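One structure is given here, and the rest of the page talks about it.
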Amino acid sequence: MLPEVQKLIELQQADREIQRLREEIAALPKKVAVIEAKLAGTKAGLEAAKAAVKADDAARRKHEQAILDEQGKISKFRDQSLAVKTNEQYKALLHEIQFAEKDIRAHEDKILELMVNAETREKEVKAAEAELKEETAEIEKEKAEARRRTAEDEKLLAEWTAKRDQARAAVEETLLRQYDRVAKYRGTGLSEVRDHKCLACQVMLRPQTYNEVRSGGSLVACDSCQRILYYDSTNDVPVAAPTPAPRKRRPHPKFDASQAWYYRPDYREQGEVLLLFLNAAGESQRRIYDAHTGRQIGDIFVRPGEYRLAFPEDLTEDAIRLNGNWEESELEAWGSEIPMVVLDLLQRDLDLARAEAKPRVRTEAVAAEHPAAS
């Protein structure tokens, strides 16, 4: 691993810890606010229970006073009845007395109902007081823990800030700007590579890119997320070698297929390439791709006639025919680059073709050394 990458890993670790601590410090006051809101709700419940008790007491006193008032009326009406001279006057006073007695019974019923409710109200107040006491103790404990954690986080934040400043000072300025630019938009500026994949964006890497990162000879950025890539061999999980399956005979592509793929090891100035030929409507077209990256080289070239007749200069002895057949709509969807999964399939078929050709080459060499006697 390059020393610059190791320094960036230390810097990113410091940045992550600083971010985590800042978020935790910012979250603690919110947590305390939630705790205090809960306590305020319990206090409000207690105050409401006490207010209900006071209201019942006031209502009971009101009914008791009303009973005294009605009793006073009855006493007055009875005194008046002694002085009446007509039967009608006596009946009228008697009616007033009965009406007052009825009101007294109604007030007594209300008082009895309030007395029954008073027991429930008192229980509610005692329960609310006990809950408030318990919650107050627990909340004070939580608030003290929050204050302790905040002080601890602020101390750690100061330590990590110093580590980050030290790490930044050790990184070359141009590389630091690249790291900061990517981290600003992506959250992180570095990503580990594992199993041919960028772990940050989960995009598969080209074999050439993956090998460059593993070799650690130069700085490489992910084509997808632009993060600087690094490889840590300690995170590789050893995989038991599978039991080799019986080798199957490699299928050979059809001679007259409308689509043909070829590998050329030394094609003009481009070097190793993949050639794709398509036959359609009395003409053929040729596309050229870089064998390592899958990127298209040049434009699509079209000639009249079947591809073997139209492009004979491309079908040299070193050209190896490969298995591959994809719908034209898929080819168009690729754009100017072969997908990695397709490139891997073609590469595996090329390896099989080369392995298949080795025994034949050895046989021909032996035959040339020991020609049959005439």
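With viscosity set to 1.306 mPa s and temperature to 10 °C, compute the Stokes-Einstein D of region 3-167, Rh being the Kirkwood radius across alpha carbon pairs; µm²/s, no decimals.
Working: Rh = 22.7 Å.
For these conditions, the coefficient is 70 µm²/s.
Under Stokes-Einstein, with the Kirkwood radius over Cα pairs standing in for Rh, what whole-number D in µm²/s applies to region 21-111 at 10 °C and 1.306 mPa s? Walk me through the numbers on the way to the answer.
Details: Rh = 17.9 Å.
Rounded, D is 89 µm²/s.
List the aspartates and glutamates whose Cα sits under 20 Å from the Cα of residue 50, skipping any in the same chain fewer than 8 residues away.
The reachable aspartates and glutamates, counting only those whose Cα sits under 20 Å from residue 50, are 113, 119, 122, 124, 129, 131, 134, 135.
Of 31/133; 38/155; 54/133; 163/197; 43/143; 43/141, which sit over 25 Å apart, Cα to Cα? Walk me through the numbers before you get to the answer.
Working: 31/133 20 Å; 38/155 30 Å; 54/133 22 Å; 163/197 30 Å; 43/143 17 Å; 43/141 18 Å.
38/155; 163/197, as the Cα separations exceed 25 Å there.
Which is farthest toward the positive dipole end of region 175-235 among 193, 183, 204, measuring Cα position about the Cα centre, with Cβ charges +1 (Lys, Arg) and -1 (Asp, Glu)?
Value: 183.
From the gyration tensor of the Cα coordinates in region 58-152, what semi-axes in whole Å does the equivalent ellipsoid have, largest first, with each one equal to sqrt(5λ)?
Values: eigenvalues 746, 21, 9 Å².
Equivalent-ellipsoid dimensions as semi-axes: 61, 10, 7 Å.
Over the alpha carbons of region 259-369, what is the largest minus smallest coordinate on each principal axis, giving the biggest first in Å?
49, 31, 27
Please order 160, 334 by the number of other Cβ within 10 Å, starting at the fewest.
Numbers: 160 20, 334 15.
Exposure proxy ranking, most exposed first: 334, 160.
Could you give me the radius of gyration and the Dmax of the chain, taking only the C-alpha atoms into account and expressing both in angstrom?
Using the Cα atoms of the chain, the pair Rg, Dmax is 46.6, 173 Å.
Based only on Cα atoms, what mean projected area does the convex hull of region 111-158 have, in nm²? Before the final figure, lay out the partial values.
Working: hull surface 15.0 nm².
Over all viewing directions, region 111-158 projects a mean Cα-hull area of 3.7 nm².
May I ask you to list the lysines whose Cα is less than 28 Å away from that of residue 76, ignoring any residue fewer than eight positions away on the same chain?
Answer for residue 76, where 28 Å is the Cα cut-off: 62, 85, 91, 102, 110, listed by chain and number.
Exposed loop sites here are trypsin sites (Lys or Arg not before Pro) in DSSP loop states with at most 13 other C-beta atoms within 10 Å. What is the longest stretch of the chain lacking them?
On the way: sites that count: 85, 247, 248, 249, 254, 268.
Longest site-free region, per DSSP loop and neighbour criteria: 86-246.
In units of 2.2 N^0.38 Å, what is the alpha-carbon radius of gyration of region 175-235?
Ratio of Cα Rg to 2.2 N^0.38 Å: 1.03.
Computed from the coordinates by the stated procedures, all read-outs in this text should not be read as laboratory data. Given the structure is predicted, the values throughout are model-derived calculations rather than measurements. Methodologically, a virtual Cβ is constructed for each residue, glycine included, from the backbone with ideal geometry; neighbour enumeration extends over all protein chains shown.
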